[in-house]
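A short worksheet on the structure shown next.
The values are calculated or read from the model by the stated rules, or taken from the named source; none is laboratory data. Predicted model only: the values in this text are computed from it and were never measured. Cβ placement follows ideal geometry from the backbone for every residue including glycine, while neighbour counts extend to all protein chains displayed.
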Amino acid sequence: MPTPRAAAIAPLSTVRPAPATLAGAVLFATALTGAASQVSVTLPGTVVPFTLQPLAVLLAGAVLGARLGALSQALYLVAGVAGASMFAWSPVLLPGAARLLGPTGGFLLAYPLAAFVAGYVADRGLGRRASGAALAMLAGALVLYTGGTLGMARFAPLSIAVLAPYAALDLVKVAVAASAVPALRRVVGR
């Protein structure tokens, strides 16, 4: 058993965070995704709004790790389906569980898996540096766009031109957010 002095000078990577800290971080990520959905702009020619949600999803995975990141996004979906004001406001999209069956459903249902993938890559050591965190978040974004594209394709023909504005803005979000991931991982003890 380490002495208190040895524990105080041990590297952060060997100190396990308290379960309450991790639970608080998961709930914070869930709430952050819900808050990010409130920043919503519908782009011309589509019913899928541009939001800050992908940023929150990818940050949750890259910071919390695969399992906790996915859990935070699963909780987000449960809260939204239960009727909490978690999904982006829209004059044409239905609220609650019906949202998962509409054009944005593919994106929403991909959130837990996207967070898992971003976390999985970050957990392999890439989350320690901003460049690695960016790669982890891009891997998660690929999952997000795969689910979103499949969901949107059920309602309208898709082209690169339709997805390009979303992807370009998400690349900017990843580039900016990745620099914060190493520090945030240290804060939550990851």
Tally of residues being assigned to a helix (DSSP H, G or I) and either modelled with pLDDT under 95 or surrounded by fewer than 21 Cβ atoms within 10 Å (Cβ to Cβ) (or both) across the range 77-121: 18
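Would you confirm, using the coordinates I've provided, whether Phe50 is surrounded by 16 or more Cβ atoms within 10 Å (Cβ to Cβ) and not in a helix (DSSP H, G or I)? Before the answer, list the steps.
Details: surrounded by 16 or more Cβ atoms within 10 Å (Cβ to Cβ): yes; not in a helix (DSSP H, G or I): yes.
Answer is yes for this residue.
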Residues (assigned to a helix (DSSP H, G or I), more than 15 Å from Ala56 (Cα to Cα) and not aliphatic (A, V, I, L, M)) located in the range 167-190: Pro182, Arg186
